[in-house]
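As structure tokens, the structure follows; a few thoughts come after it.
The values are calculated or read from the model by the stated rules, or taken from the named source; none is laboratory data. Keep in mind that this is a model prediction, so the values were computed, not measured. Positions of Cβ are generated from backbone atoms using ideal geometry, with glycine treated the same way; all protein chains shown enter the neighbour counts.
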Amino acid sequence: MEKIFVVGAGFSGATIARLFAEIGYDVTVIDRRTTIGGNAYDCLDKNGIMIQPYGPHIFHTEEKRVFEFLSRFTEWYEYKHSVLASVKGKTVSLPISLSSLYTLFPKTKAQRIENALKNAFGEGATVPILELKNQSDPVLKDFAEFVYKNFYYTYTRKQWGLKPEELSDEVMTRVPVCVSDKAGYFNDEYQFMPKNGFTETVTNILKHPNIKLKLKTDAEKHLYFEDGKIYFDGKELEGKVIYTGRVEEIFGYKFGALPYRTLKFKFKTYNRPSYQNAAVVNYTANKKFTRVTEFTKFTCEKQAKTVIVREYAKKCKKADVPYYPIPTEKNKELYVKYFDEAKKYKDLYLLGRLAEYKHIDMDEAVLCAMQLFDKLSEGEI
Ligand code: FAD
Ligand code: UDP
């Protein structure tokens with residue numbers, strides 16, 4: 001039986017483990033945590049409310065293939081995510097859309113901006129804030145400054161410790177201004193939540209007779225890389241190694257640590273059924289925290305109590321959980337050094353958010369794992 005060794009039991013590791021198990025490989029998966037699902041791990045709190053200790057996770061995808069794969073392991077309920085922000089006493093839905101204009105400005109001004117947006121970009125367009133800021137039309141310029149200052153600048157400084165201009169486009173294009181009456185935070189065709197949570201979904205993905213799961217097993221302590229060979233507890237590994245942890249760890253941080261943002265979560269339970277008017281409220285222009293998530297709003301079930309989490313972003317130190325890779329040109333150059341180092345090991349494959357040093361959603365994690373599996377199983381790489 002051919003073997004595959006997978007480091008990490010998040011969506012990336014679990015998906016590729018399952019795919020190889022199904023074609024008859026003997027698969028070992030290790031994770032340093034006591035739990036599976038990576039940062040998507042969820043569990044019930046003491047009041048029986050489903051919470052997500054590593055931050056709010058909402059599933060959405062355009063990829064039918066990903067949705068169909070995951071549907072083998074979970075039932076779903078429909079969930080359309082909505083996010084609010086309050087600025088100058090006015091509450092709007094994010095992303096900013098044509099309907100937000102009429103909440104934020106008097107009618108004639110709102111109409112002027114609406115026309116200018118439609119003329120410049122066309123109805124239905126989505127415009128990244130930095131592109132909007134570059135417009136020469138004074139109506140758009142003035143509007144862009146307002147939106148930038150009140151919705152993007154402070155939030156981005158809190159989240160990343162950087163200005164929007166200092167981050168690569170992949171971050172600032174995630175939440176564009178919409179030239180439409182858009183409702184809801186995401187556009188994707190499939191917007192669902194797993195009926196019994198992400199942990200149960202990943203548990204089912206990993207439930208296969210060919211998969212051996214070892215928790216509390218840290219690759220940093222057990223894996224050893226030397227002269228193109230990979231050893232586990234001193235024994236050379238047979239077969240391929242799929243690694244979804246931090247790439248610097250396996251090479252002893254020889255080029256330095258890749259910078260991350262970490263998050264501090266402050267959970268609070270209230271003895272009332274509702275805390276806020278949407279699942280997530282972003283604090284885009286004030287407060288030290290970035291956003292408040294109310295978990296009971298994900299399920300829409302009536303409860304006597306509710307639970308929220310406030311997120312505080314900060315620089316990630318060695319002992320912290322590395323949540324967000326920081327995509328700047330400089331950091332990407334540093335990543336390439338580790339990537340080149342990894343290429344010296346012909347059986348080593350880097351996969352996922354940490355190993356590839358890029359912010360990916362769960363659906364992208366599943367898709368990338370499927371694509372790597374396709375290439376490996378068809379002998380393309
Ligand atoms: P991870 O989930 O990070 O899993 C990696 C696993 O590897 C972990 O279990 C870790 O313990 C293990 N590991 C690492 N190093 C080692 C080692 N040395 N030895 C053994 N095990 C190791 N996506 C969405 O689709 N929707 C959302 O709403 C959403 N919200 C998010 C909110 C936050 C705060 C964050 C940080 C991410 C969010 N994501 C969201 C992204 C989502 O978490 C990732 O796409 C997904 O977790 C990627 O999975 P992964 O398996 O690549 O990485
Ligand atoms: N962003 C912002 N204001 C908002 C929402 C998002 O400035 O109200 C910026 C911010 O830099 C953030 C990025 O857009 O990190 C991506 O937002 P998203 O909601 O996708 O963040 P995630 O859920 O991935 O943390």
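Let's see how each residue does on (1) more than 28 Å from LEU206 (Cα to Cα); (2) surrounded by fewer than 16 Cβ atoms within 10 Å (Cβ to Cβ); (3) touching a Ser or Thr at 6+ places or on another chain (Cβ under 9 Å):
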residue	(1), (2), (3)
GLY55	no, no, yes
GLU63	no, no, no
LEU70	no, no, yes
GLU78	no, yes, no
VAL83	yes, no, yes
SER99	yes, no, yes
LYS109	yes, yes, no
ASN115	yes, yes, no
PHE121	yes, no, no
Only one of LYS158, LYS182 is crowded, with 19+ Cβ neighbours inside 10 Å and at pLDDT below 95, namely LYS182
Taking region 68-98 only, how many residues are under 12 Å from ASN150 (Cβ atoms), part of a strand (DSSP E or B) and at pLDDT 95 or above? 3
Exclusive hit being of a type in the set (Phe, Trp, Tyr), part of a strand (DSSP E or B), in contact (Cβ under 8 Å) with a residue 24 or more places away in the chain and closer than 30 Å to VAL241 by Cβ, set TYR345, TYR349, TYR312: TYR349
Contact list please: Cβ distance under 8 Å, first residue in region 363-378 and surrounded by 13 or more Cβ atoms within 10 Å (Cβ to Cβ), second residue of a type in the set (Lys, Arg) and assigned to a helix (DSSP H, G or I), pairs at least six apart or on different chains. ALA365/ARG353; LEU367/ARG65; MET370/ARG65
Number of positions in region 322-367 that are among the hydrophobic types (A, V, I, L, M, F, W, C) and more than 8 Å from ligand 1 (Cβ to nearest atom): 9
Scan region 194-241 residue by residue and report those that are surrounded by 15 or more Cβ atoms within 10 Å (Cβ to Cβ), out of contact with any helix residue (DSSP H, G or I) (no Cβ under 6 Å at 6 or more places or on another chain), within 20 Å of GLY37 (Cβ to Cβ) and hydrophobic (A, V, I, L, M, F, W, C). ALA219
Checking ASP340 against (1) part of a loop (DSSP other than H, G, I, E, B); (2) free of Cβ contacts under 8 Å to residues at least 24 places away in the same chain, which single condition isn't satisfied? (1)
Picked from region 11-45 (must be more than 16 Å from ligand 2 (Cβ to nearest atom) and of a type in the set (S, T, N, Q)), the residue nearest to GLU356 (Cα to Cα) is SER12
Yes/no for ASN47 being within 15 Å of ligand 1 (Cβ to nearest atom), in contact (Cβ under 8 Å) with a residue 40 or more places away in the chain and of a type in the set (S, T, N, Q): no
Name the one entry in ALA304, ALA278, ALA313 that is touching a strand residue (DSSP E or B) at 6+ places or on another chain (Cβ under 6 Å) and over 30 Å from GLU249 (Cβ atoms). ALA278
From the residues in region 272-303 that are basic (Lys, Arg) and within 16 Å of ligand 1 (Cβ to nearest atom), which one is nearest to THR262 (Cα to Cα)? ARG291
From LYS337, LYS317, grab the single residue that is closer than 21 Å to ARG32 by Cβ, charged (D, E, K, R) and more than 16 Å from ligand 2 (Cβ to nearest atom). LYS317
Please determine whether any residue of region 318-330 is more than 14 Å from the chain's Cα centre (by Cα), assigned to a helix (DSSP H, G or I) and over 30 Å from LYS64 (Cα atoms). yes
